[in-house]
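Engineer: Starting off with a structure, shown below.
Please treat every number below as a calculation from the coordinates, not as lab data. Computed from a predicted structure; not experimentally measured. Glycine also receives a Cβ, built like all others from the backbone with ideal geometry; neighbour counts cover every protein chain displayed.
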Amino acid sequence: MRGLAFLSCLGALLAATVSAASIDAGQIHMGVGARTNSRYAPSHPGSYLETDDARAAAAGSAQAQLDALLTSSSGLGGPARVELPLDAISTAAFGSAKAEQIIASQKGEFTVLTHRDFPSVAVRIKQLYAPPPVSELKGHDVDPDAFCDPTVTSWSGYIDTAYGGKSLWFYFFESRSDPAKDPVILWTNGGPGCSSSLGLFMELGPCRIPENGGKLSPGPPINGTRWHPQSWTNRANVFFIDQPVGVGYSYSKTDQKVYTTEEAARDVYAFLRVFFSAFDRFRSNDFYMAGESYGGRYIPIFASEVADRNHEIERAALKAGKKPSRDELINLKGVLIGNGLTDVSKQMSGYYDMTCTRRGGVAPILSIDTCKRMANWVPKCRKLLAEHCVDAYNPSACDMWTDKCIQEIQAPYFYTGQNPYNIKDDCKSGLSPNLCYDVTDDIRKYLDRDDVRELVGAAPKEQIGKFASCSDDVSDGFNRMLDSIHDNGYNVAALLERGLRALVYVGTLDWICNHNGNYEWVKTLDWSANAHFQSAKNYEWVVDGKEAGRTQSGGGLTWATVYEAGHMVPYDQPDAALAMLNRWLDGQDL
C-alpha cells in the first residue's frame, strides 16, 4: 500500500470546480490603472536599455549593438549567457545593461544565467510578456500577445541543476500594485509530486483556465485564459515553481531524481540566489515562502535552508571583518502554510474528529461501529508513529505502523467515496486521476497543448512527455523514503526563534489535512514565545461584514481557519484568502 504521504495530502491543490468567468474589461482596466510597473515594462522589450550615445551613433542603434553582443555572447550564436554577479568583464560586454534588461531584450527567447557561487546551476529565463505603459492603452484594449494577465510583466523558465541533469520549471508574475515595493512570494503546491500550475490556474494566480483546456475560449485576449480578480498578485510578486524534478513541466535528462525534501531545498535555494542576483530590484523586497498540503513539509525545510545559508554567510563575513555581500543574502521574512501536512502523529486524531464527531462542522459520516474502532486506534497510532517515526527513526517499524494506521484511521473515509478535500462534496470525478475535480483535467489539457508549451517556453512532448498535474513516480519515491513522516515542528519553531513570522491557515471543510489535526500540531510548537501564543485570544475574524473563520496570534505565529473552504482555501474562499494575506503581510491581526 502507498505510504501515508500519498493518502495524506496528495491533492495539495485540487478542490472545487473552476467557474472561470469571462474577462471583465472593467476589471482589467482597473488592474492596469493600479499597477506601477510601467516604468519597467516598455512596449518593445529592451527599448529602455541604458546605452552610451556615442556607441549608439557609431553602431547606428544601441539596441542593435546589444542584440549582436547577446547573440554572440556564448561564442556559439546560441542564447545570451550572463554570468552573475555582473563584473567588469560583463560590463565591458553588455555596457550598463542589467541582467534583467538583457533578458527582456531577447524578445521572448531564453537567456541563460549562471552564478560563480553555483557552478552546477544555470537558469534559463525569458520574458513572457511586458505590458505597454498605461498611457499607450486605449480604453479597455487588451494586448493579444499577453499571457495570463495583460496588466503585469511575467517571466518563465527552467532552473537547470546538476550541470543540466535536472530542470525545474517556474513562472514569475509581478505585482499588479507596486512591484518595486511589494513582497515576493514563492508558492509551491504539494503532493508530493503535484504541479504548482494548479495553484496558479485554480487558486491564487492571476488567471483561470476555461473548460476543455481553453479550446472553447476565443483565444486572445490573454491566450485562452481568463482574468482572476482575487489573485495574490494584487499584493505581491509571485513565483510558481514545479518541484521536485519530474513534476509538471520539470524533467530530468538522466536517472537523477529527488525524493527527499532536503534535496529539493538545495535546488530551490540555488535558484533563489541566481534569480535575486539577476533581478536585483527585488533583492531588498520582503520575501516569503508559501505552500499548501505537502507544502507543510516543503516550506519549513526550504525556509530553514535559506535561513541557515544566510547565517553561514553572515558568520563568514563577521569572521573576516566584513559586511555580508548584498548579493548573497536572501531577505526572508516568513512562511505561509495552508492546509499543511505537518506531523502525522499529532494530526492523526483529526481524522476521527472530522468523520465521527460534529467538530468537523457536519454530522458524523461513519458508522458508530467504525468510529469505535477508530477511537481505539487513534491513541495507539499517535504513540507508535511518534515512537518509531519522530522521536526515534526506525524505518522498518515506521513503515509497518504507517500502513496499519492508514488502514485503521484513513481508509474508512476513502471507502465512502466522499471527497477527501471537502467533506461536503462527493468525489464525482474519481480520486484518480482528477482527484475529485474536473478542473484539473481542464488545466492538464491546456498545459499539454503544443501552442501553450511553445508560448511559455516549456519543453515539447517529444522530450518530456505529456503534461500531468501530479506525478505518481515522484509521490512513490517520496513515500519509499518515508519523507512525510519527519516532524517539521522543530523547523517552524526555529524559524520563529530567529524572528521570522509564520501564518498557518486551514479550510474547515478539508478532511485530508484538516484543521483539528493542524491545531493539535500548532499548540505543541516549542519556541520561547509559545506561552504568548497560547494565552492569545482566539476569535472570529471578519471579511466584508461576514465571519470568515477563527484566528489566534502571538509570538510571530498566526493561526487561522477559513469557513466553508476545503483543501484549497484561495479557490473556495478567494476574497477571504486575499484579505487574510493582505492583513498578515501588513502585520495586522486578521
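Engineer: With a point put 7 Å past each Cα toward its Cβ, work out how far SER535 is from LYS404 in nm, to one decimal.
Structural biologist: With each label point 7 Å from Cα toward Cβ, the separation is 4.2 nm.
Engineer: Take peptides 343-351, 453-461, 417-425 and line them up by average Cβ neighbours within 10 Å, highest first, as a rough protection proxy.
Structural biologist: Most protected by this proxy first, the peptides run 343-351, 417-425, 453-461.
Engineer: Further question: Neighbour counts of other C-beta atoms within 10 Å: give me CYS398, CYS371, CYS436 arranged from fewest to most.
Structural biologist: Going from sparsest to densest Cβ surroundings: CYS371, CYS398, CYS436.
Engineer: Right, another one. For LYS380 and SER120, what does the FRET efficiency come to when R0 = 45 Å and r is the distance between their Cβ atoms, rounded to the nearest 0.05?
Structural biologist: 0.45
Engineer: May I pose another question? Order by neighbour count: VAL504, VAL542, fewest other Cβ atoms within 10 Å first, most last.
Structural biologist: VAL542, VAL504
Engineer: Taking 0.36 nm per intervening residue step and subtracting the Cα-Cα distance, what contour gain separates GLU387 from ASP526 on full extension?
Structural biologist: That works out to 48.2 nm of additional length.
Engineer: With the crude spin-label approximation of a point 7 Å out along Cα→Cβ, what separation in nm comes out for ALA411 versus ASP178?
Structural biologist: Inter-label distance under the simple model: 5.7 nm.
Engineer: Take the Cα atoms of segment 521-590, find their three principal axes, and give me the spread along each one in whole Å, biggest first.
Structural biologist: Dimensions of segment 521-590 along the principal axes of its Cα atoms: 34, 23, 19 Å.
Engineer: Additional query: Round to the nearest 0.05 the FRET efficiency obtained for LYS322 and THR260 when R0 = 60 Å and r is the Cβ-Cβ distance.
Structural biologist: Using R0 = 60 Å, I get an efficiency of 0.95.
Engineer: Pop the C-beta distance of ASP369 and ASP544 into the FRET formula with R0 = 41 Å and round what comes out to the nearest 0.05.
Structural biologist: According to the calculation, E is roughly 0.40.
Engineer: Using the count of nearby Cβ atoms within 10 Å as a rough guide to exposure, how do GLU292, GLU83, GLU262, GLU305 rank from fewest to most?
Structural biologist: GLU262, GLU83, GLU305, GLU292
Engineer: Then there is this: Pop a pseudo-label 7 angstrom from the Cα along the beta-carbon direction at both SER432 and GLN588 and give the gap in nm to one decimal.
Structural biologist: The modelled label-to-label distance comes out at 4.6 nm.
Engineer: Could you pull out every one of the lysines with an alpha carbon less than 21 Å from that of LYS383, ignoring same-chain neighbours closer than 8 positions?
Structural biologist: By straight Cα distance, LYS383 reaches LYS346, LYS372, LYS404, LYS523.
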